[in-house]
Amino acid sequence: MITYLFTVPGMPVAKQRPRTTRTGHTYTPKETVIFENLVKTCFTQKYPCHTPTDLPVAVTILAMYPIPKSWSKKDKIKAAEQALFPRKHDWDNVAKAVCDSLNGVFYLDDSQIFDGQVFKRYGDQPKTVVMLTTFEEDDLKGRVAEVCLE
């Protein structure tokens, strides 16, 4: 089991749907492309010698959003104490932007991801912290996701 940890500075970005022009040309919105390139850059700067792995991967993402300046002092304190959580961006779209950007960079394909978590919180500086863990076959033995069905 090997863990990789890196930080992407700036506001977390959710993966946006592809857009289509009137002529039928499909493209990815500029904001998504910029964020995905930033994720790649931050990873490769921290781990310049990494070659894409074919091992199973677990992903943990912490998306930190700035506390809005327009909020009351009471709400700012609650946000700083983690009593309020960001509603901006769906958590799965944040994960999609990060995971898609690491295709061919960290892993061969994001289908190798077998476990993942996304946390959205308020903080002083907007950033996205990414933790990637690779697992050998022996590491996976006994690792069971517990699911409660009612």
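Data for the structure
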| read-out | value |
| --- | --- |
| Members of segment 1-27 that are at pLDDT below 95, of a type in the set (Ser, Thr, Tyr) and either open to solvent by 60 Å² or more (accessible area, probe 1.4 Å) or under 17 Å from the mean Cα position of the chain (by Cα) (or both) | Thr3, Thr20, Thr23, Thr26, Tyr27 |
| Residue in segment 30-47 that is surrounded by fewer than 19 Cβ atoms within 10 Å (Cβ to Cβ), within 21 Å of Ser111 (Cβ to Cβ), touching a Lys or Arg at 6+ places or on another chain (Cβ under 9 Å) and not basic (Lys, Arg) present | no |
| Among (1) basic (Lys, Arg); (2) more than 20 Å from Thr133 (Cβ to Cβ); (3) out of contact with any helix residue (DSSP H, G or I) (no Cβ under 8 Å at 6 or more places or on another chain), the one test that Lys15 misses | (3) |
| Unmet criterion (only one of (1) open to solvent by less than 60 Å² (accessible area, probe 1.4 Å); (2) modelled with pLDDT under 90) for Tyr107 | (2) |
| Any hit, segment 131-138, residues being part of a loop (DSSP other than H, G, I, E, B) and open to solvent by 40 Å² or more (accessible area, probe 1.4 Å) | yes |
| Yes/no for Pro68 being surrounded by fewer than 16 Cβ atoms within 10 Å (Cβ to Cβ), without any contact (Cβ under 8 Å) to a residue 40 or more places away in the chain and farther than 30 Å from Asp109 by Cα | yes |
| Residue pairs meeting the criteria (Cβ under 9 Å; at least 6 apart or on separate chains; first without any contact (Cβ under 8 Å) to a residue 12 or more places away in the chain and more than 19 Å from Trp91 (Cβ to Cβ), in segment 1-22; second surrounded by fewer than 16 Cβ atoms within 10 Å (Cβ to Cβ) and among the β-branched types (Val, Ile, Thr)) | Pro18/Thr26; Pro18/Thr28; Arg19/Thr26; Arg19/Thr28; Thr20/Thr26 |
| Cross-chain or 6+ apart pairs with Cβ under 8 Å, segment 106-134 first and in contact (Cβ under 8 Å) with a residue 60 or more places away in the chain and farther than 18 Å from His50 by Cβ, then aliphatic (A, V, I, L, M) and open to solvent by 70 Å² or more (accessible area, probe 1.4 Å) | Pro126/Met11 |
| Condition met for Glu150 (at pLDDT below 90, open to solvent by 50 Å² or more (accessible area, probe 1.4 Å), farther than 20 Å from Phe35 by Cα and in contact with a Leu (Cβ under 8 Å, 6 or more places away or on another chain)) | no |
| Odd one out for Leu102, checked against (1) touching a helix residue (DSSP H, G or I) at 6+ places or on another chain (Cβ under 8 Å); (2) modelled with pLDDT under 95 | (2) |
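Residues are listed down the side, and each one gets a yes or a no for (1) among the acidic types (Asp, Glu); (2) surrounded by fewer than 18 Cβ atoms within 10 Å (Cβ to Cβ); (3) out of contact with any His (no Cβ under 6 Å at 6 or more places or on another chain):
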| position | (1), (2), (3) |
| --- | --- |
| His50 | no, yes, yes |
| Ala63 | no, no, yes |
| Gln82 | no, yes, yes |
| Asp92 | yes, yes, yes |
| Asp100 | yes, yes, yes |
| Ile113 | no, yes, yes |
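The values are calculated or read from the model by the stated rules, or taken from the named source; none is laboratory data. Predicted model only: the values in this text are computed from it and were never measured. Here the Cβ is made from the backbone with ideal geometry for all residues, glycine too, and neighbour counts use every protein chain on show. For accessibility, only protein heavy atoms count, side chains too; no ligands or nucleic acids. Shrake-Rupley method; radii C 1.70, N 1.55, O 1.52, S 1.80 Å.
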